[in-house]
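Rule-based calculations on the coordinates, nothing more; no lab input. Values in this document were obtained by computation on a predicted structure and should not be read as measured data. Here the Cβ positions follow ideal geometry from the backbone for every residue, glycine too, while neighbour counts run over all protein chains shown.
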Amino acid sequence: MKKIFSRPKALRNQSTHYCPGCGHGIVHRLIAEVVDELGIREKVIAIAPVGCAVIAYDYWDFDCSEAAHGRALAVATAIKRLRPENIVFTYQGDGDLAAIGTNETIHAANRGENLTVIFINNAVYGMTGGQMAPTTLLGQKTATTPKGREAQVQGWPLKISEMLAQLAGVKYIERTSLYSPQEVLKTKRAIKQAFQNQIDNMGFSLVEVLSPCPIYWEMSPKEALDWIREVMTKEFPLGRIK
Amino acid sequence: MMSKKILITGNEAVAEGAIQAGCRFYAGYPITPQNELIGYMAGRMPEVGGIFIQAEAELAAINMVFGASAVGVRAMTSSSSPGISLKQEGISYLAGAELPAVIVNVMRGGPGLGNIWPAQSDYFQATRSGGHGDYHSLVLAPASVQESYDIMQLAFDLADQYRIPAIILIDGMLGQMMEPLVIKSQIPNPKSQIKKPWALTGCRGRKPNIVKSFFMQQGGLEKLNLALQKKYRLIQQKEQRWEEMFLDEAKVVLVAYGTMARIAKAAIKQLRAKGKKIGLIRPIALWPFPTNIFRRLTTAHKQLKFLVIEMSYGQMLEDVKLVVNGRCPVEFFGRAGGGVPTEQGIIKKVKNLL
Amino acid sequence: MAKITIDKDKCKGCFLCISFCPKGLIKKSSQLNKLGVTSVEFSRRVIHKDEAGSPAKGGGKSDKECLGCALCAIICPDCCIEVYK
C-alpha cells in the first residue's frame, strides 16, 4: 500500500486556532500543496492579512510578512517590484480586501502587478465577533445587522471580483467554493492557475473562495457548506470571471 | 571622488542625498510643498535601477515602504503634514516589526488642510511617535540644502543599524528654497550596507523568516517592548547631535532647529554686534533630544535664560523645559499657521529678556 | 483495499469527513480527544447499521469498504487524515 494523501511539506505539522469546519484550514493546505507541486517553497513570500488568518505565517513553511489591515497589496506590490524572481502572494479576507483595503486592491489590480491574490469570502468578519462584511448577504443577520442586512441602510453585497474584472491590468479572476470535496479540488486548480500565472509573468490573478464560517453563520459545519451551495452561490456565482 | 556644485531645491537635495545613500525604493504621493521631491525621484530612481511608485495615497506609500524594507532594500517615502498623519499607522508597524525606513516630512501649516506655507507644528507628531504604541523614530532636522543632502546618508545608516524608522523633518521653506549644493558624483555601492539576515528573500538555504509586529503569546509583546526600550536608551546615549555657538558667557541661549535656526543665527549676529552675549543650541537630532548639552550648560551656568523659537506654539519648548527642569528660566517665541518669526521679532524678544 | 489514518488529537470534531465518506466508514468517537472534543474513528470495513449519516451512498445494510477516494482528507480542514491505497 502506498500513501496517496498526506500533509504537504509546506504546511507545518501543528494544530491551528481555526474553528471546527472553518475554510481557512482547507485553503492553507491547498496553497501548501500547490507550492509543493510547483516546487516554489524557497521562492515564495506570503503576505498575511488581519482577520482570523492573521497568524497564517505560523502555519506555512516559507517566508511571510504581516501587513496592516487592508494594506497587503501595497506591501506585496513593493516586494514583487523589488524581487520579481520571488513568488509573492497575498491571503486576505473580505474586510481586508474589500472594505479597508479596497483602495490598495483596486490600484494594485489597476497597475497590473504580477501578483497572486487568494481572497477568502465568508460573508462576515470572523475574528472580531461576526460583524457585517461588504460581502454579507441581504437578510443575513450579523453582530452589526441584528435584524438582517437591509439594502437601504447597509447597501448590497459587494462584488469586488466583478468590479476588478473591468480593469485592463487584471488577467485572471475565478470564483470557487469549498462546499464539497469536488469544489475543494476546483479551488485547488484555480489556486494553482493563479500561481502559475505569476510564474509565467502574466499579471494580476485573483481567486475568490466562498468559505464557511460555521460559528458566525450559526450553523453546523455541514450546514455551512450547504448554505454556500444553496444560497451564497446565487449571490456570488461560481466560475471564471476573467 | 569627483564632486560638483549645483543650485538645487532642498526637496531635490533630500532626494539626491537618498539616492547617494543607497535608497533604491521610493513610494510617494503628491502634496505641496514637497512635490519637487517626488518629481525628482520619478526621473532619478530608474536611472540607478531602483523602483519608483506614485502610490494611490500616502497610506499605500508607507505600506509599500514596509514591503520594500521587509525585503532588505533601503526605502523611503515623503509627504507633508496632512499626508504624514496618514502614515502614522504604517510608521507604528515599521517600529514594531523593527524595519528600517526613511520618512521625509516637509512641514506645512496646520491643523487640518491648513495651508502650504512652512511650519514646525509636527514636532510632537514626530518625536512623540504620532502612531500608537510605545515606540520612537529617529528624528533628524537639517537646516540647509547642503545639510539636507548630507544627512540622508546618516539617516539610512542609522535606520539600518538600529532597525528603526528615521524621520527627516524639514519645512516648506527649506524644501523649496534653492542653495548651492556640493554633490558627490560617484554613486556608492549599495552592497556596502549592513547585512540583513532577517529580510524576506525566499527561504533557500535557511529557515523561513517572518516579518511581524504581532505577539499574542503570553509575554511575547512585552519582550519585544523591553528590547525596543533598550534600543532607544542606547540611541539616546549615542546619537545625540546638535550645533552650539557662543555658549561661553551667554546670558540668553536661543534654541531653534531647521529654518528657524538660520533666522535665529541672523538675529544673534546682529545682537552680538551690539555686544549682547547671546548663544545658540541647534538640535540636529530632535529624537534623541540633545539633553547632554542642556544638562552640562545648566549645571555650569546657573545664570542664563533659554529662549526657544519655533514655527509652532511651543512643541520643542516642552523638551527643553523637561531637561532644564526648572534650573533656569525657559521662554518661548513662536508663530505658526504659515507665519514665520522674523529676525526683528526675535531681537525684540531677546532684548526684553536681557 | 485502502485505508485512512486519523490524527485524532488534531481533530476538532467538525464531522465533515463523516458527511462526505461515500461508504459511511467514519463515525463519531465514543471518547474525547486531547482537545476535549469528540473526534472521529475509521473502520476499513463496516456492516452498516445507519449510524454514520453520510449523504452520498444510500445507507444499505451491506458491507462497505474504503476506496481510497480521499474525499475525507480533501475536506478535512485540519489535515488530520492520511490515505493509503
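Quick notes
- Max mean-square fluctuation residue, GNM over chain B, Cα-Cα springs under 10 Å, options B:L228, B:L271, B:L174: B:L271
- Magnitude of the charge dipole for the protein assembly as shown, about its Cα centre and with charges confined to Cβ atoms of Lys, Arg (+1) and Asp, Glu (-1), is about 1260 debye.
- Dipole magnitude of the range B:46-135 about its Cα centre (Cβ charges: Lys, Arg +1; Asp, Glu -1), debye to nearest 20: 160 debye
- Within the listed set B:L94, B:L169, B:L322, the residue fluctuating most in the Gaussian network model of chain B (springs between alpha-carbon atoms under 10 angstrom) is B:L322.
- In this rough spin-label picture, where each label sits 7 Å from Cα along the Cβ direction, the A:D58-B:L322 distance is 3.5 nm.
- The order of A:C19, C:C79, going from fewest to most other C-beta atoms within 10 Å of their C-beta, is A:C19, C:C79.
- Shielding value for B:13-25 is 0, the average number of Cβ atoms from other chains within 10 Å of each residue's Cβ.
- Here, the range A:23-240 yields an orientationally averaged convex hull projection of 10.8 nm² when only Cα atoms define the hull.
- The alpha-carbon atoms of the range B:281-322, seen along their principal axes, cover 29, 20, 16 angstrom, with the largest extent given first.
- Charge-dipole axis of the protein assembly as shown as Lys and Arg at +1 and Asp and Glu at -1 on Cβ define it, positive-most pick from B:V73, A:G21, A:P84: B:V73
- Rounded Å value of the spacing that divides the Cα centres of the range B:61-93 and the range B:233-275: 31 Å
- Taking N as its residue count, the alpha carbon Rg of the range B:245-353 over 2.2 N^0.38 Å: 0.97
- Each residue in A:Y91, B:Y26, A:Y172 was given a count of other beta-carbon atoms within 10 angstrom of its own, and listing them fewest first yields A:Y172, A:Y91, B:Y26.
- Pairwise FRET efficiency - A:T102 versus A:Q166, Cβ, R0 = 22 Å, nearest 0.05: 0.95
- Average beta-carbon neighbours from other chains, 10 Å sphere, peptide B:206-215: 6
- In this calculation the C-beta distance from C:S30 to B:R233 is compared with R0 = 45 Å, giving a FRET efficiency of 0.15.
- Under a 5 Å amide H cut-off, with hydrogens placed 1.01 Å from N, A:S65 pairs with A:A46, A:I47, A:A48, B:V211 among residues at least 5 apart or on other chains.
- Using only side-chain charges placed at the Cβ, +1 for Lys and Arg and -1 for Asp and Glu, the dipole size of the range A:23-240 relative to its Cα centre rounds to 400 debye.
- Considering only B:I84, B:I116, B:I167, the mean-square fluctuation computed in a Gaussian network model of chain B, springs between alpha carbons under 10 angstrom, is largest for B:I116.
- P(r) for the range B:226-287, from all Cα pairs and a bin width of 10 Å, is 21, 40, 21, 14, 4, 0 %, short bins first.
- A Förster radius of 35 Å combined with the Cβ-Cβ distance from A:V153 to A:N110 puts the calculated FRET efficiency at roughly 0.70.
- Pairs of alpha carbons in the protein assembly as shown separated by more than 43 Å make up 36% of all such pairs.
- Among B:F156, C:F15, sorting on how many other beta-carbon atoms sit within 10 Å of each Cβ, with the fewest leading, yields C:F15, B:F156.
- Along each principal axis, Cα extent of the range A:1-96, largest first, Å: 47, 32, 17
- In chain B, the alpha-carbon atoms span a convex hull of 144 Å³ per residue.
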